There are 2 protein chains.
Amino acid sequence: MLDQQAPPLDRVFQALADPSRRGMVERLSRGPASVSELAKPLPMSLQAVVQHLQVLEASGLVRTEKIGRVRTCQIEPVVLRSAEQWITERRTSWEERLDRLGDYLADNPEEPNPRSKQ
Amino acid sequence: MLDQQAPPLDRVFQALADPSRRGMVERLSRGPASVSELAKPLPMSLQAVVQHLQVLEASGLVRTEKIGRVRTCQIEPVVLRSAEQWITERRTSWEERLDRLGDYLADNPEEPNPRSKQ
């Protein structure tokens, strides 16, 4: 189970750290599904599926709605995007630094140790 | 500690599920740093920093190299990108489905329940 008090990104990344839960997100990225549709391809009990689903719900990545006797699950793209954005920003920051280092080396071809000047 | 046998994405998302470790990745996205530089802004013991660093190394997100007495840490952008790509693909898949649903609704304005035709 996830810690409900944990910061949102903690819960999102924690939820994504399990292959069964990623499989459920993968399935839901192709459209809403009932709990039994989600469970069908997974080699685990329905109870285990429900537990994974609760972790996904707690993280905000998935929301579920019960209509009559069927609980339908769908992805929450805003939450998926927040995790994506965190990683993209770090990756971009790293690449920009590399570009600046490349520019520095191009401008200072005779400097043997550019790090000491950073 | 992380399970070394776990699939790579499990370990990457698990490593990112902690705010201190995300802080370290954030710092390293701006350039390499020694362990003590990484530790400086963090309200924890050096030992705790080293443990978080081991989790980051085990996930592949960070690699470290000891030169003389200083261990320098840097980000591994390929691993960061693999996690980013997994999320991007799911998010894109969801958006494409939504676009197709939009097209369907535009082409079939009189259909009361488009889900039943999907």
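Annotations
- Scanning region A:55-98 for residues that are of a type in the set (Lys, Arg) and open to solvent by 70 Å² or more (accessible area, probe 1.4 Å) yields A:ARG63, A:LYS66, A:ARG69, A:ARG71, A:ARG81.
- Test: A:LEU80 is within 18 Å of B:ARG91 (Cα to Cα) and either at pLDDT 95 or above or of a type outside the set (Ser, Thr, Tyr) (or both): yes
- Among the residues of region A:27-72, those identified as among the hydroxyl-bearing types (Ser, Thr, Tyr) and touching a Cys at 6+ places or on another chain (Cβ under 9 Å) are A:SER34, A:THR64.
- With respect to (1) in contact (Cβ under 8 Å) with a residue 24 or more places away in the chain; (2) more than 18 Å from the chain's Cα centre (by Cα), the lone exception for A:TYR104 is condition (1).
- Restricted to region B:32-54, and to residues there that are under 25 Å from A:LEU101 (Cβ atoms) and without any contact (Cβ under 8 Å) to a residue 12 or more places away in the chain, the residue that is least open to solvent (accessible area, probe 1.4 Å) is B:ALA39.
- Helices (runs of 4 or more DSSP H) within region A:13-116 that include 3 or more residues under 30 Å from B:ARG21 (Cα atoms) and within 11 Å of chain B (Cβ to nearest Cβ): A:19-28, A:77-107
The values are calculated or read from the model by the stated rules, or taken from the named source; none is laboratory data. Everything quoted here is computed from the prediction, not taken from an experiment. Glycine also receives a Cβ, built like all others from the backbone with ideal geometry; neighbour counts cover every protein chain displayed. For accessibility, only protein heavy atoms count, side chains too; no ligands or nucleic acids. Shrake-Rupley method; radii C 1.70, N 1.55, O 1.52, S 1.80 Å.
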